[in-house]
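Take a look at the structure below.
The values are calculated or read from the model by the stated rules, or taken from the named source; none is laboratory data. Everything quoted here is computed from the prediction, not taken from an experiment. All Cβ positions, glycine included, derive from the backbone under ideal geometry; neighbour counts span all protein chains shown. Calculation scope for accessible area: heavy atoms of the full protein, side chains included, ligands and nucleic acids excluded. Shrake-Rupley method; radii C 1.70, N 1.55, O 1.52, S 1.80 Å.
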Amino acid sequence: MIEILRDYGVLLLVGQFPNGPLGGLALTLCLAITGLIASFPLAVLMGIARTSPIAAIRAPATAIVYVVRGLPVLMLIFWAYFIVPILVGHSVSGTTTLICALVIYELAFMGEVVRAGIEAIPAGQVEAARSLGMTYGQAMRKVVLPQALVHMTPSILSQLINLIKNTSLGYIISVNELTYAAYQVNAQLLTKPFEVYLILAVTYFVICWLLSLCVNRLEKKLNRSSTRNPTKEATA
Amino acid sequence: MISFEGVDKFYGEYQALNNIDETVAKGEVVVVCGPSGSGKSTLIRTINRLEPISKGKIIVNGQDVHGASVDVNKLRSNIGFVFQSFNLFPHLSVLRNVILAPMMVLGMAERDAKERAMKLLAKVGMQHKADAYPSQLSGGQQQRIAIARALAMEPPVMLFDEPTSALDPEMVGEVLNVMKQLAAEGMTMVCVTHEMGFAREVANRIVFMDAGTILERATPQQFFTSPQHPRAQKFISDIRHT
């Protein structure tokens, strides 16, 4: 175990970086965070569309959510693998393909988080804003979303945990993230699959566990501040 | 200033408003009362189109509220509305609550909006809490700010939907005082309220509703001493006993 970490630790951590492309755990985290950042604005739009009073906006958004939720992430990766190059007209890297697939996946799942966040805001808030003459858009932007986004921060962080685990599927299209790196290490050693995959499992677990600790603390903090004294950051 | 012409409102099969005809003149203070479920809140919420109506017409400031061509946002900006549950924006400071709509809807500069807001907060006795957040304030304080927030749009008419029903008894007075002051300044007001003391003292007219119908219109004097309709008589005797 120690020897594996000594010989292959750097490879598992950052791949061939800085002499080659970034890989391993660093790539896994980059993929997950990029996926989160790229999907966040789209998920907000999705949440708004899902709660729209206009059926012509609501219906297609709902359809997208149901379709994406009904497909395994792996299927999305396959589709992205074949469709993205056709759409953009040239071949794209595995990393880009994986990010596209993850963004589509999160569009549905984080979109639902946003929808739930919007729906959790009491109707009286919108009524108060509209009674003052604010438009639907103004009420959404200035009253509903600022409150909803603060409340849903823990759920969005939970999506990051999901994303980190899902990046492991990049293995199937040879994206050199942590799982693929471990697979390669195992292929070189041949005799120590248990140790290699134990390292892999522990790494994923520790990161996701630490993140869920953060989520819990954040939830408690938000609960406290919403009942006692709201913090300045909520005014954004 | 406000007129109802044959207004019906249905929730599915249930008729919440039944052939309402009523007029509120400029400067008038009308108190709407009646047992719970009588349609009072529904009635007041149709005036700024928070509730759609099924039939009839409501005219406010010469505009057909439920007409297809009306600019509902412009219309609402001219009708102040105060809710039972205050509905302050919890993520904004008191001052931000008050200046939000003047800036967003009227396009006021922040400095002007703040100046107006501070005057109104002073008027409701809350200027010292301009930087506080709603959750740090009592119900009575929140409701006074909600009134200031509505006044910041300088509406010619104010609607109050049970403004003191969610308050602890000791806070009712401070909100009613603000409302009395508004009435004394000549504001046109429609108030749904159970505060019969307020009705007696401030209202020009009392409208008694039951089962979606206006059963009696009277001056406070007439209403409290010699109600005509049997249901109004029962209502008066019921509130005497509580």
Worksheet item: Name the residues of the range A:107-134 whose accessible area, probed at 1.4 Å, falls by at least 20 Å² once all protein chains are in place instead of their chain on its own?
Response: A:GLY124, A:GLN125, A:GLU127, A:ALA128, A:ARG130, A:SER131, A:LEU132, A:GLY133, A:MET134
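Taking 8 Å as the Cα distance limit and 6 or more residues as the minimum spacing, I'd like the relative contact order of chain B as a percentage.
On the way: 443 pairs, mean separation 63.8, N = 242.
For chain B, the relative contact order is 26 percent.
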Worksheet item: Any idea what angle helix B:110-123 forms with the longest principal axis of chain B, computed on alpha-carbon atoms, 0 to 90 degrees, nearest 10?
Response: 50 degrees
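What total accessible surface area, summed over both chains, is buried at the interface between chains A and B, computed with a 1.4 Å probe and given in Å² to the nearest 100? Don't jump to the answer; show the numbers that get you there.
On the way: alone 13170 and 11050 Å², together 22120 Å².
Buried area between the two chains comes out at roughly 2100 Å².
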Item to complete: Express in nm, to one decimal, how much length is gained between B:ILE239 and B:ILE59 on full extension, taking 0.36 nm for each residue of separation and deducting their alpha carbon distance.
Response: 61.5 nm
Worksheet item: Just counting partner chain Cβ atoms within 10 Å, what average do the residues of peptide B:82-90 show around their Cβ?
Response: 5
Worksheet item: Using r as the Cβ-Cβ distance of B:GLN127 and B:GLU170, and R0 as 22 Å, what FRET efficiency do you calculate, to the nearest 0.05?
Response: 0.50
Worksheet item: Which distance in nm do the two modelled labels at B:PHE10 and A:ALA56 give, with both placed 7 Å along the Cα-to-Cβ direction?
Response: 2.8 nm
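Go ahead and run the numbers for FRET between B:SER3 and A:ALA63, Cβ-Cβ distance against an R0 of 45 Å, rounding to 0.05.
Working: r = 45 Å, r/R0 = 1.01.
Efficiency computed from Cβ-Cβ geometry: 0.50.
When a/c is below 1.5 the answer is rounded, else prolate if a/b is larger than b/c, else oblate, so apply that to the range B:175-221 with a ≥ b ≥ c taken from the square roots of the Cα gyration tensor eigenvalues. It would help to have the intermediate numbers written out before the result.
Working: a/c = 2.05, a/b = 1.95, b/c = 1.05.
Prolate is the answer for the range B:175-221, as a/c is 1.5 or above and a/b outweighs b/c.
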Worksheet item: Could you sort B:ARG49, B:ARG116 by accessible area so the largest value comes first, with the probe set to 1.4 Å?
Response: B:ARG49, B:ARG116
Worksheet entry | Solvent exposure of the range A:2-235 as accessible area per residue, Å², 1.4 Å probe | 51 Å²
Item to complete: Could you tell me whether chain B comes out rounded, prolate or oblate from its Cα gyration tensor? Rule is a ≥ b ≥ c as square roots of the eigenvalues, rounded for a/c under 1.5, then prolate if a/b exceeds b/c, otherwise oblate.
Response: oblate
Worksheet item: Protein chains only, probe 1.4 Å: how do A:ARG217, B:ARG76 rank by accessible area, largest first?
Response: A:ARG217, B:ARG76
Worksheet, complete the sentence: So, with points 7 Å from each Cα along the Cβ direction, the A:LEU218-A:ALA116 label distance in nm works out to 1.4 nm
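Going by the alpha-carbon gyration tensor, a ≥ b ≥ c the square roots of its eigenvalues, is the range B:25-169 rounded (a/c under 1.5) or, if a/c is not under 1.5, prolate (a/b greater than b/c) versus oblate? Before the final figure, lay out the partial values.
Details: a/c = 2.16, a/b = 1.34, b/c = 1.62.
Judged from the Cα gyration tensor, the range B:25-169 comes out oblate (a/c at least 1.5, b/c at or above a/b).
In percent, how large is the relative contact order of chain A, given Cα pairs closer than 8 Å and 6 or more residues apart? Don't skip to the answer; put the middle values down first.
Working: 257 pairs, mean separation 60.0, N = 236.
Taking the mean separation of contacting Cα pairs over the length of chain A, I get 25 percent.
What number do you get for the range B:143-242 when its Cα radius of gyration is normalised by 2.2 N^0.38 Å, N = residues?
Details: Rg = 14.3 Å, N = 100, 2.2 N^0.38 = 12.7 Å.
Scaled against compact globular proteins, the figure is 1.13.
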Worksheet item: Which log10 I(q)/I(0) values, to two decimals, does the range A:2-235 give at q = 0.18 Å⁻¹ under the Debye formula with one point per Cα?
Response: -1.29
Practice prompt. Take the Cβ-Cβ distance between A:ALA201 and A:THR96 as r, set R0 to 35 Å, and report the resulting FRET efficiency rounded to the nearest 0.05.
Written response: 0.80
Discussion item. Please give me, ordered by residue number, the GluC sites (Glu not before Pro) of the range B:117-202 that lie in loop per DSSP and have at most 16 other Cβ atoms within 10 Å.
Written reply: B:GLU185
Fill in: Accessible area (Å², 1.4 Å probe, nearest 10) - A:LEU189
50 Å²
Item to complete: Calculate how large, on average over all directions, the projected area of the Cα convex hull of the range A:97-236 is; give the answer in nm² to one decimal.
Response: 10.6 nm²
Worksheet item: Per-residue accessible area for A:TRP79 at 1.4 Å probe radius, Å² rounded to 10?
Response: 140 Å²
Worksheet item: Roughly how crowded by other chains is peptide B:71-78, in terms of the mean Cβ count from those chains within 10 Å of each of its Cβ atoms?
Response: 3
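If Rh is defined by the Kirkwood formula over all Cα pairs and Rg also comes from Cα, what ratio Rg/Rh do you get for the protein assembly as shown?
Numbers: Rg = 29.9 Å, Rh = 26.3 Å.
That ratio is 1.14, to two decimals.
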Worksheet entry | Solvent-accessible surface ranking, highest first, for A:PHE40, B:PHE235, A:PHE205, A:PHE17 at 1.4 angstrom | A:PHE205, A:PHE17, A:PHE40, B:PHE235
